[in-house]
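In what follows, a single structure is set out as structure tokens and then discussed.
The values are calculated or read from the model by the stated rules, or taken from the named source; none is laboratory data. No experiment lies behind these values; they were computed from the predicted model shown. No Cβ is skipped: glycine too gets one built from the backbone with ideal geometry, and neighbour counts run over all protein chains shown. Protein only, heavy atoms only, side chains kept; ligands, DNA and RNA dropped before computing areas. Shrake-Rupley method; radii C 1.70, N 1.55, O 1.52, S 1.80 Å.
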Amino acid sequence: MADWPLPPEPVLPTVDRFSMSELESSPYRCPATLSALAPGKDGDRIEVLRNDEGHTYAVEDGIPNLTHPRELLERVAATAAAYNQMAGLAYEAAMEWQFAAAREDEETVREKMVDLLHLMPGQRVLEIGCGSGRDSFRIGRRLGGSGSLFLQDLSRNMILCCREKLTTEAAEGKTACDLRFHVSNASYLPFEDGFFDAVFHFGGFNEFGDQRRAANEMARVTKLGGRVVFGDETVAPWLRGTEFEKIVVNNNPLFKNRAPIRMIPHCAREVAIRWIIGGCFYLIDYTKGEGLPDWDLDLPHRGRRGGTLRTRYFGNLEGVTLETKQKALEAAARSGQSMHEWLDAVVRREAENQLGDSAE
Ligand SMILES: C[S@@+](CC[C@H](N)C(=O)[O-])C[C@H]1O[C@@H](n2cnc3c(N)ncnc32)[C@H](O)[C@@H]1O
């Protein structure tokens, strides 16, 4: 038997039945296929969301459960269970402790994180792994009455806490935006491509089952030019090997994780990473672009070698002897052409000579 006192029972908010009408035109997609989901109703009550392929997702108290795959990886299921258990006072106490231990003002830190989204009233935003909403209300306040905020978490109890917090905020007139809550897996987001102006996540990435997929999903559901901000525990590289690192990792092994720089998708532009909260959390922010960087691969180099990025990479032949190369350099210099222009003309002329008409 453990000598430690048992954690307090989770104190969950009492939730009134939510109006189902808000789900009439479902903004959600099937997380397995991304096809449209239509509400299946029992009278006025939306019971399920379903698609033409026969996938159905339960809607309980107005909260769709769009978790995919249904059989979660063992450790992802364990994460969901742990947060379901912790939701409530235990989680709030843990958060307060974390900021106090790092001698950080949570209010300031979280407001600065949300600043990086560059939000404007009227935008549509997704928060992934929203937990009990310690960032969510800050995001909601910035969206005005015409904006909408989608709150996502793997843990239903966390979503219930978040809904309680945000509906109280709304009732007090501090948040006016449209609020939508659902349960799903960050690695399979139930939204069409480019649906959001901005996506935010803090604090759960290390526990996401398929992290690379989750990083790609954040980018996929963000529109071109939209903002992505996400962060989680890591001890900054310059603090590794110190006694300080050993102490924080001993307390919480999640601090052993590394910032997922290699998982940042190709489409990320103006990427920044910072280490915050006493150098123990990374925060990555970027603007979504398209594909790989759009360099001009055909811009001629200036100078004796000449050529372009493309010709230097794709135009390589088998090489020549050093003696031939020296002669070619001299001939090119005498002709006043760059090495690329001279070589291209000589090789083309000779190849066309040898191929005759078939070169046309
Ligand atoms: C440490 S809490 C952070 C909550 C909140 N963002 C905050 O800063 O207080 C991590 C959250 O991520 C959620 N989470 C963990 N794995 C997830 C997954 N695969 N998909 C979505 N949420 C997940 C947990 O349920 C939990 O609410």
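From (1) on the phi < 0 side of the Ramachandran plot; (2) at pLDDT below 95, pick out the condition that doesn't hold for G303.
(1)
Do you know which of the residues in the stretch 211-247 that are part of a loop (DSSP other than H, G, I, E, B) and without any contact (Cβ under 8 Å) to a residue 40 or more places away in the chain is surrounded by the most Cβ atoms within 10 Å (Cβ to Cβ)?
R240
When you look at T167, is it free of Cβ contacts under 8 Å to residues at least 24 places away in the same chain and in contact with a strand residue (DSSP E or B) (Cβ under 9 Å, 6 or more places away or on another chain), yes or no?
Spelling it out, T167 is indeed free of Cβ contacts under 8 Å to residues at least 24 places away in the same chain and in contact with a strand residue (DSSP E or B) (Cβ under 9 Å, 6 or more places away or on another chain).
Can you find, within the stretch 177-202, the residue that is nearest to Y57 (Cα to Cα) among those that are within 8 Å of the ligand (Cβ to nearest atom) and in contact with a helix residue (DSSP H, G or I) (Cβ under 9 Å, 6 or more places away or on another chain)?
Among them, the one singled out is N185.
Can you spot a residue in the stretch 186-204 that is in a helix (DSSP H, G or I) and crowded, with 16+ Cβ neighbours inside 10 Å?
no
E9 is checked against (1) part of a loop (DSSP other than H, G, I, E, B); (2) at pLDDT below 90; (3) under 28 Å from D193 (Cβ atoms) and fails just one. What number does that condition carry?
Here E9 meets the rest and fails (3).
Scan (1) open to solvent by 40 Å² or more (accessible area, probe 1.4 Å); (2) touching a residue at least 12 places away in the same chain (Cβ under 8 Å); (3) on the phi > 0 side of the Ramachandran plot for the single condition K174 breaks and write down its number.
Unmet condition: (3).
Okay, residues lined up against (1) of a type in the set (K, R); (2) surrounded by 21 or more Cβ atoms within 10 Å (Cβ to Cβ); (3) modelled with pLDDT of 95 or more; (4) within 15 Å of the ligand (Cβ to nearest atom):
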residue	(1), (2), (3), (4)
E92	no, no, yes, yes
R103	yes, no, yes, no
E107	no, no, yes, yes
G122	no, no, yes, no
G140	no, yes, yes, yes
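Kindly provide the set of residues from the stretch 58-89 that are open to solvent by 30 Å² or more (accessible area, probe 1.4 Å) and over 24 Å from the mean Cα position of the chain (by Cα), ordered by number.
A58, E60, D61, Q85, M86, L89
Go over the candidates D294, D344, D298 one by one and state the one that is buried (at least 16 other Cβ atoms within 10 Å of the Cβ) and among the acidic types (D, E).
From the options D294, D344, D298, the qualifying one is D344.
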